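The values are calculated or read from the model by the stated rules, or taken from the named source; none is laboratory data. These numbers were taken from a predicted model, which means no experiment stands behind them. Don't worry about glycine lacking a Cβ; one is built from the backbone with ideal geometry, like all the others, and counts go over all protein chains shown. Note: areas computed on protein heavy atoms with side chains; ligands, DNA, RNA excluded. Shrake-Rupley method; radii C 1.70, N 1.55, O 1.52, S 1.80 Å.
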Amino acid sequence: SNNRGNLIEILKWCAKTDPLAKAVLEESAANATYISHHIQNELLSIMANQIRDNIAEKLNGNVYVLLADEATDVSHNKQLSICLRAVDDQYKIKEYFMGFVRLCRFDAATLAKEINTTSTLKKWANTRWDSRFTSIDSIKSNYSAVVEALQDLVHDGGNRAVDARGLLVVLKDSMFIIAMFILHRLFGPIKILSDQLKGIFFFPRKRLDYTLIFNTKGICTDLGSAHNLIITICEQLNLIRDEDSFKELFQQAIIFGNKNGIDMNESVRMRRQKTIPARFKHCVVTTTVGHRNYNNTEENFRVTMYFPTIDSILVELNERFSRHNLQIANSITSLSPINEKFLDIETLQPLIDHLSLEKNIIKNEIAVIKPMIKDTKLSTVFDVLNELKTMKQAFPSTVDLIKGAITFPVSSVTCERSFSRMKLIKTYARNTMGDERLSDLGVLAIEKEFKIDFEKVVDAFAKAHKNSRIMLI
């Protein structure tokens, strides 16, 4: 190809009207053109670090939260996205992207090491459970159409007929129908929780007895607003973990299967004959490990699929939203004027301790704040902050407490958005891009609100290359 890359092609275009660009491109020595990929990467690094320094200056003196999430790039490398969330000096929530870090290993020690290093201030989605509900819901709603389409592929023959025939066998299996109904039932509430934590605007279903706090600005939802929702989801999952709930679900699956011509009473096809190893022939074996039970009774599905799935979801929710985290969330909700324990010092204690603030000072400030805002029409934590920000000197600890509270996120949606940009930067046509170049380009592409001072870029480059043989444009 005659195309030598975007940079050189742009320089060739500039050389038609700019004598300096023409001199650099055509008259410079071969080893002093400064257009190699090493020089490009160095310049990108200087510009990206300038943005990172500007972010560090903005966050100086403010509490910030580090957000991290991982995804796989086009080269099948694990990339960890690092973002920061804070309330700036104008009392607005800001989230900044700091860069990507490649993970050679995906374990707790590696993650902690890379996060600590980076956070120094100078088919369906694999990580999105709500997308799994959407996929299951689509299959359930369009089941007959999917089966018909696969049957057409089998009838047409060809390479795809083999895969289509295999999928048809699975789709018409009673175990698949039961599993689809179980996951559809359980992932429904999880999707609602996931949407709220990611700050997506949506309308809640009428059968749920709670009200959601909407966030349409693409900023991570704060932990306090999700506190009641998390508890409600866990309670709902515990309520449907009984025989009656599964019996109702099982009957719905039977009706669905019969409607689509599937014999739900047919025994599941045995994958292979189960045998006991010869070395145990003189032993009494009461149970085995590694042999699946293909009994398709209602009790078997309830005990081996329904209950374990609910238990697994509850364990994951309880681990992520631990008692300590929920205590902090409860403290955050008490900063809302509509909460019955608004500015209750004992309820605020976990958050005060977490932010290392002085309880007695905040207690004295709250004693003055409560009667002062008693007659005002405040409804959110942000309203309280806006009311007090003009009196920062009078109530410094309380203002810091509120700023710290609204800094807490419950999701890494900003990191998720950075992955969308990563896919645009590192493509199949540019899959040999280095990790540092990807990280720097990501910062430049995402943090566009920061203006690059090119004079400082030139100075930094010149300082690093004191023996420069030509001027840098």
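Residues in region 379-418 that are assigned to a helix (DSSP H, G or I), open to solvent by less than 60 Å² (accessible area, probe 1.4 Å), more than 18 Å from ASN364 (Cα to Cα) and of a type in the set (A, V, I, L, M, F, W, C): VAL381, ALA405, ILE406, VAL413, CYS415. Only a single item in (1) out of contact with any Gly (no Cβ under 9 Å at 6 or more places or on another chain); (2) surrounded by 17 or more Cβ atoms within 10 Å (Cβ to Cβ) is not met by ILE425, and it is number (1).
Which one is nearest to ASP173 (Cα to Cα), of the residues in region 295-319 that are β-branched (Val, Ile, Thr) and in contact with a helix residue (DSSP H, G or I) (Cβ under 9 Å, 6 or more places away or on another chain)? Give the steps one after another, and end with the answer.
The first filter runs over region 295-319 and keeps only residues β-branched (Val, Ile, Thr), leaving 297, 303-304, 309-310, 313, 315.
Cutting the leftovers down to in contact with a helix residue (DSSP H, G or I) (Cβ under 9 Å, 6 or more places away or on another chain) gives us 309-310, 313.
Numbers: THR309: 20, ILE310: 22, ILE313: 25 Å.
Out of the qualifying residues, it is THR309.
Taking each residue of region 173-185 that is closer than 17 Å to LYS247 by Cβ and looking for partners that are basic (Lys, Arg) with beta-carbon atoms closer than 9 Å, six or more apart or interchain, yields PHE181/LYS140; HIS184/LYS140.
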